[in-house]
Amino acid sequence: MHTFDCPRCFGKGRINAFSHVIAGVCFKCNGVGTITQKSKPRVSKKFAIGIVIKGGEELFPLFHINAANVNQAVSKAEVQLSRGAYDVTNVWADAEHHS
Ligand SMILES: [Zn+2]
């Protein structure tokens, strides 16, 4: 089960704007302040990250990363690569194809 803050009352369990209705109790979470549901909506996909290092050599796939889209995969990869030893000239991400 996954529990997260109620998006309607921001975890407070009460909404001031509705204080004239059932004492302002948030009707989305019944005043609990959190929502619990069986599964989190999963939007992330797996991407294979490839790079070109100085000198033109291609390394693919270098590693895999979970991201919502290609752009996010590339920026996540760039953060990881900035800590690494590679002299990277180009980074790309390719969605993993599941057969
Ligand atoms: Zn609520």
How many percent of Cα pairs in the range 45-95 exceed 14 Å?
42
So the angle from the long Cα axis of helix 70-82 to the longest Cα principal axis of the chain, reported in degrees to the nearest 10, equals 70
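Against the globular-protein guess of 2.2 N^0.38 Å, express the Cα radius of gyration of the chain as a ratio, rounded to two decimals. Don't skip to the answer; put the middle values down first.
Values: Rg = 21.9 Å, N = 99, 2.2 N^0.38 = 12.6 Å.
Normalised Cα radius of gyration, the chain: 1.73.
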Taking the Cβ of each residue in Val32, Val91 as the centre, tally the other Cβ atoms inside 10 Å and list the residues starting with the fewest.
Val32, Val91
With Val70 itself left out, Lys, Arg at +1 and Asp, Glu at -1 over residues whose Cβ is under 10 Å from its Cβ give 0
Residue-averaged [θ]222 nm for the chain, counting only DSSP H segments that reach four residues, each worth -39500 (n - 2.57)
-4000 deg cm²/dmol
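Just so you know, all these numbers are worked out from the coordinates, no wet-lab data involved. Values in this document were obtained by computation on a predicted structure and should not be read as measured data. We place every Cβ from the backbone using ideal geometry, glycine too, and count neighbours over all the protein chains shown.
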